[in-house]
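Just below is one structure, and these are the notes that go with it.
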Amino acid sequence: MIDQASRLRELAAAYRRQVTGQVGRRFQVIAVTSGKGGVGKTNLAVNLALVLRQSGREVLLMDVDLGLANADILLGTVPPYHLGHFLRGEVDLPQVIHRTATGLKLIAGGSGLVELGNLSAGQLQPVLRALERLQDEADYLVLDTGAGLGDAVLEFALAADQVLVVTTPEPTAMADAYTIIKALVARDPRVKIRLAVNQAERLEDAERAADRIVTTARNFLGAEVRHVGTIPRDPHVWQAVRRKVPVVLSYPGAPASRAVVAMVSRLVGEEPPRPPEPGSFFSRLAGLFARRGGSL
């Protein structure tokens, strides 16, 4: 019996042949990830995407925390479709794109769906094909990945233009953040990693935590990790979650909101957009799976 990694390699090879000759993608891709859950990854991804949208850009937020997706809940919206409907062949992927009242486009993942948490190689093929055709939907694609070291998490992150690793100043969260940075660098030393420290009680603690991770990555991995900002612990964030209205919308003057705006400015303003490359984010993703023999 052919194992899942072999099936995925065959699938990705076939997919690359199908997209040969396609023009470069339009959107820039920011993957938001973390070494562990509970650090506010999804909340930051949602608010980051909204700040980009408020700046006049077309933004597509895709929840690829497969099986545990909840970006739609934080946005206070109920999309008529999610990836589960697409995987079952009930709708085409463009129908899954849900434009929220803010103008942000969302592809909901579908929380608690076993078929998303255990996406097979056969199910991946139509997803990649359909996503390839959506590259003109946005200026920015923000991916809310799962937490941890799963192959799907790492490969989605590695195919992005920038990877934003979210941590808190807690020692266990810092250790897990370093672990995922190490895993990313081991697979691709060229990966562009940014670091966000969330839920910080004191700025000094956050700066100390960020410096420790940045210095350790430089000394032991030879990797340049950029600290792009700290989000303070702010009661407005929890109030916004309860209201199901993201903090940058419900409390735009709150410390956390101002910190997200500053972080987005550093993410998108620190360097000019890269020129178009052959293929797209999704064809690069398929290529990554094929080269590494990763499995979902």
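The values are calculated or read from the model by the stated rules, or taken from the named source; none is laboratory data. Here the structure is a predicted model, which is why all the values come from computation and not from measurement. FYI the Cβ positions are ideal-geometry reconstructions off the backbone, even for glycines, and counts take in every protein chain you see.
Condition check ((1) at pLDDT 80 or above; (2) buried (at least 20 other Cβ atoms within 10 Å of the Cβ); (3) touching a Leu at 6+ places or on another chain (Cβ under 9 Å)) across all residues:
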site: Ala108; (1), (2), (3): yes, yes, yes
site: Leu141; (1), (2), (3): yes, yes, yes
site: Leu149; (1), (2), (3): yes, no, no
site: Val166; (1), (2), (3): yes, yes, yes
site: Thr172; (1), (2), (3): yes, no, no
site: Lys182; (1), (2), (3): yes, no, yes
site: Glu204; (1), (2), (3): yes, no, no
Exercise for the section: Output the qualifying pairs, or none if there are none: Cβ atoms under 9 angstrom, residues six or more apart or on different chains, first residue in region 34-51 and touching a residue at least 24 places away in the same chain (Cβ under 8 Å), second residue acidic (Asp, Glu) and part of a helix (DSSP H, G or I). Expected result: Ser34/Asp176; Gly35/Asp176; Lys36/Asp176; Val39/Asp176
Practice task
Determine which single condition Val78 fails, assuming it passes every other condition in (1) under 18 Å from the mean Cα position of the chain (by Cα); (2) modelled with pLDDT of 90 or more.
Solution key: (1)
Practice task
Kindly indicate whether Pro189 is in contact (Cβ under 8 Å) with a residue 24 or more places away in the chain and over 16 Å from the mean Cα position of the chain (by Cα).
Solution key: yes
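Of all residues in region 221-259, how many are aliphatic (A, V, I, L, M) and either assigned to a loop (DSSP other than H, G, I, E, B) or at pLDDT below 95 (or both)?
4
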Problem - All positions within region 142-183 that are assigned to a helix (DSSP H, G or I), under 16 Å from the mean Cα position of the chain (by Cα) and of a type outside the set (A, V, I, L, M) - result: Asp151, Glu155, Phe156
Practice task
Within region 214-252, count every residue that is touching a helix residue (DSSP H, G or I) at 6+ places or on another chain (Cβ under 9 Å), over 20 Å from Asn70 (Cα atoms) and polar (S, T, N, Q).
Solution key: 2
Fill in the blank from the handout: Residue pairs qualifying under the 6 Å Cβ cut-off, at least six apart or on distinct chains, with the first in region 79-98 being surrounded by 13 or more Cβ atoms within 10 Å (Cβ to Cβ) and the second being among the basic types (Lys, Arg), are Ile97/Lys105
